[in-house]
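Data first, discussion second: the structure below is written as structure tokens.
FYI, it's all coordinate maths here, none of it is from the lab. Just so you know, these numbers come straight off a predicted model, no measurement behind them. Note that we place each Cβ from the backbone using ideal geometry, even for glycine, and neighbour counts take in every protein chain shown.
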Amino acid sequence: MSEVAPLAGYTVGVTAARRADELGALLERRGATVLHGPAIRIVPLADDAELVAATRALLRRPADVVVATTGIGFRGWLEAADGWAMGDDLRRTLAASTLLTRGPKAKGAVRAAGLVETWAPESESNAEVLDHLLKSGVDGHRIAVQLHGEPLRDFVDTLRSAGAEVLEVPVYRWTAPSDTAPLDRLLDAVLAGQLDALTFTSAPAAASVLRTAERRGRYEAVLDVLRDRLLVACVGPITAAPLAGVGVPVISPARARIGALVRELATVLPARAVRVRAGTSTLELRGQAALVDGHLRPVPPAPMAVLRALAASPGRTLPRPVLGAVLRRHSGRTESVDEHAVETAVGRLRSALGTTDLVQTVVKRGYRLAVPAS
């Protein structure tokens, strides 16, 4: 028997714009079904008037200190400056400044540009960089901070309160997606219970999902699902901040990396699976599939709702009206579900599981999992 991939049977939502293909491929390699709805759009660097203006401002009045926060952002800034015929001037200006780098990737990008950082923190924490600056003294200093996707409001405001003049350099600025249809479909899947996990790789994407839900008049409904029924995974604490602020529990890997995020999901989701014995078989309920003695068996949504109800009370007979209520809640219908619909769902469940032995009919009473006697 071949080993089942850790995320087989699970559907994972991806909200990323940049590196969405990479994240999706990593998830699919571990067996997941991926639903992509980009929550943001990246403004191309070469077309970003704000980045051009910030670069010109830095060249006119060089900064005493330049903070490089990300490797990809720093490299992109230099490449864009080359395209505007400002690259050489920018490198000379940076070389004459005190360069601080946040983390090894930013340090690598600085050195690849032929520059040398003055200081880098032990961690990859903005807080440690800020603490170093404040201890060094910033009153009266001009400090350029390379941003990456989201404002560093607390960081910048603290420096200004301490007397620094701060120039924000907005590399990779985010805006709303030009086509919101994929994100709308992703939110529909969230509300319909068709996702097992939702991933975020940037704080702007998290904020955009909440704004889109509010725009559609489904804010509270989406929040209820994110808080109680869906596993929400963020690449790191900065990304998680907009969600944590509205009470959404999240999981994050120890290191803020896409690969680590996927590995975290591949550990946490299978650990949440429901496992029961039925007949001589072991069942493991995953997303929209069941492992029957280690073999993956896709199960349609309505029969899966029935299977989950039966597995929640293994061996107990559930009457047809109870299972009808399960199907009604699953479908979102207001009218009752008749016994024929229950029988149809059970029949489809048995077909999906590949055997009639696991779900027993209790004459005139209902259905039960064939739990062996203890």
Problem set entry | Net charge, ARG61 excluded, C-beta distance under 11 Å - Lys, Arg +1, Asp, Glu -1 | +1
For this session: Before anything else, pin down the relative contact order of the range 206-325: Cα pairs under 8 Å, at least 6 apart, normalised by residue count, whole percent.
Result: 13
Seminar exercise, completed: One finds the C-alpha centres of the range 192-209 and the range 101-132 to be spaced, in Å, by 29
For this session: Obtain the radius of gyration and the Kirkwood radius of the chain from its C-alpha atoms and give Rg over Rh.
Result: 1.11
Problem set entry | Normalised per residue, the volume of the convex hull around the Cα set of the range 90-151 (Å³) | 104
Problem set entry | Electrostatic dipole magnitude of the range 45-172 [Cβ: Lys, Arg +1; Asp, Glu -1; Cα centre; debye, to 20] | 340
Exercise. From the residues HIS148, GLY76, ALA112, which one has its Cα farthest along the dipole of the range 45-172 in the positive direction, the dipole being from +1 and -1 charges on Cβ of Lys/Arg and Asp/Glu about the Cα centre?
Worked result: ALA112
Problem set entry | Added length on full extension, which subtracts the Cα-Cα distance from 0.36 nm per residue, HIS340 to ALA176 | 54.4 nm
Seminar exercise, completed: Placing +1 on each Lys and Arg Cβ and -1 on each Asp and Glu Cβ in the chain, then taking the dipole about the Cα centre, the residue among LEU226, LEU285, PRO170 whose Cα reaches farthest towards the positive end is LEU285
Problem set entry | Gain in span if fully extended, ARG328 to ILE251, counting 0.36 nm per residue against the direct Cα distance | 24.6 nm
Problem set entry | Cα coordinate range in the range 45-172, projected on the principal axes (Å, largest first) | 37, 27, 26
Exercise. Each label point is 7 Å from the Cα along the Cα-to-Cβ direction; what then is the distance between the points at HIS295 and ALA244, in nm?
Worked result: 4.6
Problem set entry | Label-point separation in nm, LEU134 to ARG111, each point 7 Å along Cα→Cβ | 3.0
Problem set entry | Unit charges on C-beta of K, R, D, E only; dipole of the chain, Debye | 1200
Exercise. What length, rounded to one decimal in nm, is gained on full extension from VAL363 through to ARG277, with 0.36 nm per residue of separation minus their alpha-carbon distance?
Worked result: 28.8 nm
Seminar exercise, completed: From DSSP H assignment alone, runs of 4+ in the chain each adding -39500 (n - 2.57), the sum over residues rounded to the nearest 500 puts [θ] at 222 nm at -13500 deg cm²/dmol
For this session: State the three equivalent ellipsoid semi-axes of the range 274-369, derived from the C-alpha gyration tensor as the square roots of 5 times its eigenvalues, in descending order and whole Å.
Result: 21, 15, 11
Seminar exercise, completed: Env charge @ ALA112, Cβ radius under 11 Å, K,R +1 / D,E -1, value +4
Seminar exercise, completed: Residues MET86, MET304 in order from fewest to most other beta-carbon atoms within 10 Å are MET86, MET304
For this session: Just rank TYR10, TYR219, fewest to most, by other beta-carbon atoms within 10 angstrom.
Result: TYR219, TYR10
Seminar exercise, completed: Under the 7 Å Cα-to-Cβ spin-label approximation, SER125 and GLU165 lie apart by a distance in nanometres of 3.2
Exercise. Exposure proxy check: SER252, SER208, SER136 ranked by fewest other beta carbons within 10 Å?
Worked result: SER136, SER252, SER208
